[in-house]
Amino acid sequence: MVESPEASPVTLYMLSVDLGIKTHLAVDRDGEIHPSQKTRDARMRSDALKVRLQQSGIKSAKRHLKKRSGRMARFTKDVNHQISKILITNVKDTCSLIALENLNETRARVTDGNGGPPTGCF
């Protein structure tokens, strides 16, 4: 019979990330906050420019709108990628699991136990 050396017990570490908080894009359980101010400011600037260009209605404004189409989506996609990359690099060596918690419309999913809306101080 061949004896194998016993493996040392592995400590599992789980990083939990809360998504859907209005003031932050993501908050992890280690306390690191990834704010959404950057994307919110960019969206407001983009929307204001879009309104001004649509109101003018001239040909060059339409060309400019066409050129800018999809820019906000690409920007948001890039910011989300940067945040996910930061989360992965922070926990790459120590983390075994990453749990994402979607907190959008949490109140709509909460019931009082009988299938009705929640009661109490929400």
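The values are calculated or read from the model by the stated rules, or taken from the named source; none is laboratory data. This is a predicted model, so every value here is computed, not measured. In this analysis, Cβ positions are derived from the backbone assuming ideal geometry, glycine residues included, and neighbour counts consider all displayed protein chains.
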Here the residues within region 76-122 that are of a type in the set (Lys, Arg) and either modelled with pLDDT of 75 or more or under 15 Å from the mean Cα position of the chain (by Cα) (or both) are LYS77, LYS85, LYS92
In a helix (DSSP H, G or I), touching a Leu at 6+ places or on another chain (Cβ under 7 Å) and either surrounded by 11 or more Cβ atoms within 10 Å (Cβ to Cβ) or at pLDDT below 85 (or both): does that describe LEU65?
-> yes
Neighbours by Cβ (under 9 Å, 6+ apart or cross-chain): first from region 63-92, in contact (Cβ under 8 Å) with a residue 24 or more places away in the chain; second surrounded by fewer than 13 Cβ atoms within 10 Å (Cβ to Cβ) and not charged (D, E, K, R) = VAL91/TYR13
